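Notes follow once the structure below has been shown.
Bear in mind that the values in this text are calculations on the coordinates, not laboratory data. This structure is a prediction, so every number in the text was calculated from the model and none was measured. Methodologically, a virtual Cβ is constructed for each residue, glycine included, from the backbone with ideal geometry; neighbour enumeration extends over all protein chains shown.
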Amino acid sequence: MKIIAHISDPHFGRDIPSVCKGLLDELNGVTAPKPSLVAISGDLTQRARASQFREARAFLDQLTAPYLVVPGNHDIPLYDVFRRFGDPMGRYEHYISKNMTPFYEDDEMVVCGMNTAHGHTIKDGIVRPDQLATVCEQFALHPKRWKLLVAHHPFVIPRQVDDSYLVDGAAGALPSLVAVRVDMILTGHLHVSYAHAPDAAGYRNDDHSVLGVNAGTCMSDRHRGEPNSYNRLEINGDMVTIINRQWNGTEFIDGPEKAYRHGRGAERLIKVAEVTAPAVPPTTPA
Ligand SMILES: [Fe+2]
Ligand SMILES: [Fe+2]
């Protein structure tokens, strides 16, 4: 079995230290089985300040599992207009990574990242054609494994969420991602997980479907009616179980989960089980 810990929106500068420590224990195998990969879908910092990036770098350096990271809109300076337009990714590249299309593979899965952040507007994202082509080329090379895309801005959203939050270019990109048989798109930005949605967000055409998996804010106090949480994706043969692990003020515990099995054609991922859990209220820092 392979485990992906999907974390998002830590927002160093607005992080809650106790949750940060609890999350490190989860990711490093102390309080939960150690993941095969930690996928981090952006907004590492609150305002793209050097001090916040240094905290993010220190966090990444404490991870003992492989990780794949992409930037979010908050990782581009907002008020520093010179940097925002002249060198928007400079600090991210200096402290975190120069690779805007990171890649991970093992014998069961292929995971690609894509940078959807830009500095032209405050919070919107965009799909860049060159990056879309790069990740599609990678996915096309691996026909038989699970394929996951990691990006900050959502490509698909549940019905109850305003579609203005969709990344610009989603409608054009989804057919390309479906054509190379991407199974799941892991995103953040909303600070809301899809765990409580009546059904997962997705996109399908006549012969394939892709599942949208969103993560809440893993450790910041920027709550949107949910506790801090992250997603554990357990891949076991043709099954994937997505468990929303939620911070209850003391530790991360299992929240809602959904299980999917590979089907055929447009029913590529079929929901076969669902576990609901009582809602955990957001906790505020002491
Ligand atoms: Fe965020
Ligand atoms: Fe964001």
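Considering only DSSP beta bridges where both residues belong to the chain, give the percentage that are antiparallel (nearest 5).
The antiparallel proportion sits near 60 percent.
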Rounded to one decimal in nm, the spacing of the 7 Å Cα→Cβ label points at Glu251 and Arg159 is 3.8
Hits among lysines - C-alpha to C-alpha of Lys34 under 27 Å, sequence gap 8 or more where chains match: Lys2, Lys21, Lys98, Lys144, Lys147, Lys258, Lys271
Efficiency of FRET from Cβ geometry, Asp130 and Asp61, R₀ 22 Å, rounded to 0.05: 0.15
Can you put Ile126, Ile253, Ile40, Ile96 in order of Cβ neighbours within 10 angstrom, beginning with the fewest? Ile253, Ile126, Ile96, Ile40
Mind grabbing the base-10 log of I(q)/I(0) for the chain at q = 0.11, 0.15, 0.16 Å⁻¹? Debye formula, identical points on the C-alpha positions, no solvent, two decimal places. -0.56, -1.12, -1.29
Taking the number of other C-beta atoms within 10 Å as the exposure measure, put Lys21, Lys2 in order starting with the fewest. Lys21, Lys2
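Using R₀ = 41 Å, calculate the FRET efficiency as 1/(1 + (r/R₀)^6) where r is the Cβ-Cβ separation of Arg54 and Asp207; round to 0.05.
E(calc), rounded to 0.05, equals 0.30.
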Subtracting the Cα-Cα distance of Arg84 and His120 from 0.36 nm times their residue separation yields 12.1 nm
Could you line up Lys271, Lys98 from fewest to most neighbouring Cβ atoms inside 10 Å? Lys98, Lys271
Only sites in a loop by DSSP and with at most 11 other Cβ atoms within 10 Å count here; which trypsin sites (Lys or Arg not before Pro) in region 156-223 make the cut? Arg159
Along Cα→Cβ, 7 Å out, is where each label goes; now give me the distance between the ones at Arg261 and Asn28 in nm to one decimal. 3.9
